[in-house]
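**Q** I have a structure I would like to understand better, so I am pasting it below and will then ask my questions one at a time.
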């Protein structure tokens, strides 16, 4: 596989600093190939790596470079202008998959967001309602479900929907308990009892 891979990479104008370390890799054993690539050329190269099935036969690792102090990369191909470079979809999808791990903290943050929203409605505080939106981690699950639908993968869709259903159910139950406790304690804000609820009307 190394020969065909190196031949393809060497012919791509966006590939720089191509290094081949024959027999240097261990677990899995084999050759190690390292190279730099510009964002504008990354998607075709990643598609070729998948066509060669390298992601099934070995390890394909991607590391983003935060900064470069050389302009040598500009001679490897036309420098893309602002707005012309498409996202590196492999890295986007990898980020979505890494965010679709539903640890106990995911459900805890959903419950916490629900409680913050409850306090925001009781106290008529728009800041708290917005804060609940910021704290809530449901965006990762929604994006993972969307990616699973786009790729026709049932497993991430099931996991994401199950996490959302369980998380929001827990948030609703805790919010009900919190509301009942506030009413029982007699500390319900007077404005809320009087029906002054512009924040609730805005949400509705």
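The values are calculated or read from the model by the stated rules, or taken from the named source; none is laboratory data. No experiment lies behind these values; they were computed from the predicted model shown. For neighbour counting, all protein chains shown are included, and Cβ atoms are generated from backbone atoms with ideal geometry for every residue, glycine included.
**Q** Among the residues of the stretch 52-92, which ones are in contact with a strand residue (DSSP E or B) (Cβ under 8 Å, 6 or more places away or on another chain) and either at pLDDT below 75 or closer than 15 Å to residue 39 by Cα (or both)?
**A** 65, 72, 73, 76
**Q** Restricting the search to the stretch 135-152, which residues are closer than 21 Å to residue 103 by Cβ and either over 15 Å from the mean Cα position of the chain (by Cα) or in contact (Cβ under 8 Å) with a residue 24 or more places away in the chain (or both)?
**A** Matches in the stretch 135-152: 135, 136, 137, 138, 140, 141, 143, 144, 147.
**Q** Ok, one more. Looking at 169, 110, 161, can you tell me which residue is closer than 30 Å to residue 93 by Cβ, exposed (fewer than 15 other Cβ atoms within 10 Å of the Cβ) and at pLDDT 90 or above?
**A** Just a single option satisfies the conditions, and that option is 169.
**Q** Could you tell me which numbered condition residue 134 fails, if it satisfies all but one of (1) modelled with pLDDT of 90 or more; (2) in contact with a helix residue (DSSP H, G or I) (Cβ under 7 Å, 6 or more places away or on another chain)?
**A** Result: residue 134 fails condition (2) only.
**Q** A further question on this structure: Let me spell it out: the conditions are (1) modelled with pLDDT under 80; (2) over 28 Å from residue 145 (Cβ atoms), and residue 7 meets all of them except one. Which number is the exception?
**A** Against the list (1) modelled with pLDDT under 80; (2) over 28 Å from residue 145 (Cβ atoms), residue 7 comes up short only on (1).
This table checks each residue for (1) out of contact with any strand residue (DSSP E or B) (no Cβ under 8 Å at 6 or more places or on another chain); (2) without any contact (Cβ under 8 Å) to a residue 24 or more places away in the chain; (3) not in a helix (DSSP H, G or I).
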| site | (1), (2), (3) |
| --- | --- |
| 101 | yes, yes, yes |
| 118 | yes, no, no |
| 130 | yes, yes, no |
| 155 | yes, yes, no |
| 182 | yes, no, no |
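**Q** List the number of the failed condition for residue 69; all other conditions in (1) in a helix (DSSP H, G or I); (2) surrounded by fewer than 14 Cβ atoms within 10 Å (Cβ to Cβ); (3) under 30 Å from the mean Cα position of the chain (by Cα) hold.
**A** Result: residue 69 fails condition (1) only.
For (1) surrounded by fewer than 16 Cβ atoms within 10 Å (Cβ to Cβ); (2) touching a helix residue (DSSP H, G or I) at 6+ places or on another chain (Cβ under 7 Å), each residue gets a yes or a no:
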site: 10; (1), (2): yes, no
site: 14; (1), (2): no, yes
site: 21; (1), (2): yes, no
site: 29; (1), (2): yes, no
site: 34; (1), (2): yes, no
site: 41; (1), (2): no, no
site: 45; (1), (2): no, no
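**Q** Still on this structure: (1) in a loop (DSSP other than H, G, I, E, B); (2) at pLDDT 85 or above: which one isn't true of residue 34, the others all being true?
**A** In the conditions (1) in a loop (DSSP other than H, G, I, E, B); (2) at pLDDT 85 or above, residue 34 misses (1) alone.
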